[in-house]
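To keep things clear, I will list the structure first and then write my remarks on it.
Nothing in this text is a laboratory measurement; each read-out follows from the coordinates by a stated rule. Please read all numbers here as calculations on a predicted model, not as lab measurements. Glycine also receives a Cβ, built like all others from the backbone with ideal geometry; neighbour counts cover every protein chain displayed.
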There are 2 protein chains.
Amino acid sequence: MTATKFAVVAIGNAIVDVIADADDAFIETQSLNKGGMTLIDADRAQSLYDAMAPGREISGGSAANTLAGLANLRHGTAFIGQVADDQLGEVFAHDVRAGGIDFTVAAREGEPPTGRCLILVTPDGQRTMNTFLGAAQYLPESAVDKDKIGAAEWLYLEGYLWNAPESRAAMTGAIAAAKAAGRKVALTLSDAFVVHGHRDEFFELIDAGSIDLLFANDTEVRAMMETEDTEAAVTALAARIPTLVCTHGAAGAEAHHNEEHARVPAEPVAAVVDTTGAGDLFAAGVFAGLAEGRSLADCLTMGAVCAAEVISHYGARPEKDLRALVKARLG
Amino acid sequence: MTATKFAVVAIGNAIVDVIADADDAFIETQSLNKGGMTLIDADRAQSLYDAMAPGREISGGSAANTLAGLANLRHGTAFIGQVADDQLGEVFAHDVRAGGIDFTVAAREGEPPTGRCLILVTPDGQRTMNTFLGAAQYLPESAVDKDKIGAAEWLYLEGYLWNAPESRAAMTGAIAAAKAAGRKVALTLSDAFVVHGHRDEFFELIDAGSIDLLFANDTEVRAMMETEDTEAAVTALAARIPTLVCTHGAAGAEAHHNEEHARVPAEPVAAVVDTTGAGDLFAAGVFAGLAEGRSLADCLTMGAVCAAEVISHYGARPEKDLRALVKARLG
């Protein structure tokens, strides 16, 4: 193994978030899945957008948000994802690159347009996501740059990409490239509906030793282990994988690394404005902690610090200097 | 005169703001005009955007921001402005209509794209605007809907539109339509550079009795009267026009209406995040106060309340319920 240029290279959906306030009546009238992520087609995206309040556009995408956090924490990162050759694609590419993230995948010509996620934020700060994947689902395997994967300590994969055949194939190729280069692979399950659709494939990867680090929240862990008992699910899943990080929302997070176990509370937040990106930024803190050789508990605390920052404002990209926040918290 | 459907119909630049943080060194390196508005061409927009930090896209445009405030305050409004047939044009149109503003001008096919304003926000909350007008400058006179102008108590004109020949012609037609329908006309001078370029035309309109209400800040008033003495400039300008509203930034605002004079301090703000839209929302509060038949001083206080809300967050569109804020302040 040679020295690595990037702490993390990530493959994810290239998405611009469209964020608007909504009350619970709107969530109900529009039959939205409150707190969850739902894939929608172009027609539904148009009708929902027409019904939404005025919005703000902020680049998003789960893995890209994680890299934005890592870059803010001064770690080298590279992103692989697919935008279209349009204005929202330019916005996404600008925001990624301006954040210091390496991004060289060419924009895709023609239809569909760049993916977007229509996010309704209710007064409780909860976000309800409705994603039109657009160009993101057409990430070709050829876009998976094996040199970059070889130059990164970690390959980080967004579970959402298992939902489209083209991007799923790209994932498989990426894992093979990482393993061939002796690199580690991390996966986020992304959402319980992803687990419902691809549970067997994820277990095949896990049992083949292809996944070194798994990120999940409690709903996803329960879906993986097909039980309603979160604690039992975490214990059982942790036994099958080198490192498991499980977030529990406002109740904090835990990690299992071989025989080691750590658990931390959530960091205090003055006012929860928009929970979008909480898990993504948690992962950023954990990756940064690992890169800095911190203890398992401190890695989780870094995740909690980053998550607390991102839920204190609209949008899933950090606005404050995360490194300063981590230094203030952990020294 | 028949009953009016709208409190205000406004003609302005249809612009999407791209807002990013920047330090003062960036403002200097890029030779930007701190605190001001500079018109830039497509090449400069690209090079500045490339150099900017990750941004957030929020619909803007001075007069459109004012209408967003008025609509939030539950007054009927209509907007006339030009977007292109592209994604940012869709964003602008959505945000205007979703805010409850009537907007029916068809998107313009082909180049240039929808206008955008690259806004750098420094740690002091000051905004430095760099505007690529794009399609906005091609607002045709045919888009000026005379029926809407006849159906509105006020026609509100954005001084920025005097800078392009096509939109300037549209303004002239709009004023004639308003006067023919017996409606009142308000003008915002927008920026000192607009005054420098069009001072004589503005005085022609004023002296012809075409402008019933003029909005200006102290720089613009000084530019109009070609003096460094703000107080003398306000007094002299007020003598030439039925109503003059002059904002003084953190020092508050004053208004002269015939023989009447009122002055109010700025409303307190916990933290000034981004001053973009302060003047626009001040105008919204004043128009709402006039529509509600309030005293001159209360009209100014409503303006100050709306301005205080908009500078407490990123973006020039209100996020809180302005009517509730006004009620809490004035009853």
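Computed quantities for the displayed model
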quantity	calculated
Environment charge of A:L189, counting only residues whose C-beta is closer than 10 Å and scoring Lys/Arg +1, Asp/Glu -1	-2
Relative contact order (percent, whole number), chain B, Cα cutoff 8 Å, 6+ residue spacing	18 percent
Furthest towards positive pole of dipole, A:H313, A:L325, A:T243, structure part region A:6-330, Cβ charges	A:L325
Size of electric dipole in region A:6-330: Cβ of Lys, Arg +1 and of Asp, Glu -1, about Cα centre, debye, nearest 20	920 debye
³J(HN,Hα), Karplus 6.51/-1.76/1.60, whole Hz, each residue of region A:129-143, x for Gly, Pro	9, 10, 10, 9, 5, x, 4, 4, 6, 9, 4, x, 4, 5, 7
Amide H within-cut-off set for A:W154, under 5 Å, with H built and near neighbours excluded	A:V8, A:V9
Exam field: A:P242 pseudo-label spacings to other copies (7 Å along Cα-Cβ), nanometres	7.7
Cα centroid of region A:265-331 to Cα centroid of region A:97-120, whole Å	24 Å
Neighbouring partner chain Cβ atoms per residue of A:53-63, average, 10 Å criterion	6
Chain B: calculated mean residue ellipticity at 222 nm from DSSP helix runs of at least 4, using -39500 (n - 2.57)	-12000 deg cm²/dmol
Copy-to-copy label separations for B:S31, where each label sits 7 Å from Cα toward Cβ, in nm and ascending	5.9
10 Å Cβ neighbours from other chains, averaged over peptide A:88-100	4
Euclidean distance between Cα centres, region B:163-202 to region A:27-76, Å	40 Å
Fewest-first ranking of A:I175, B:I58, using other Cβ atoms within 10 Å as the exposure measure	A:I175, B:I58
Whole-Hz couplings from phi, Karplus 6.51/-1.76/1.60, listed for region B:177-186; x for Gly and Pro	5, 5, 5, 4, 8, x, 9, 9, 10, 10
Region A:6-330 - share of DSSP beta bridges that are antiparallel (%, nearest 5)	35 percent
Label point 7 Å beyond Cα along the C-beta direction, distances from A:A324 to other copies (nm, shortest first)	3.1
Gain in span if fully extended, A:K146 to A:R329, counting 0.36 nm per residue against the direct Cα distance	62.2 nm
In Hz, Karplus ³J(HN,Hα) per residue of region B:200-214 (6.51, -1.76, 1.60; θ = phi - 60°; x = Gly, Pro)	5, 4, 5, 5, 4, 5, 5, 6, 7, x, 7, 10, 8, 9, 10
Peptide ranges B:147-153, A:79-85, A:51-57, A:262-268 listed from the most packed, as the mean C-beta count within 10 angstrom indicates	A:79-85, A:51-57, B:147-153, A:262-268
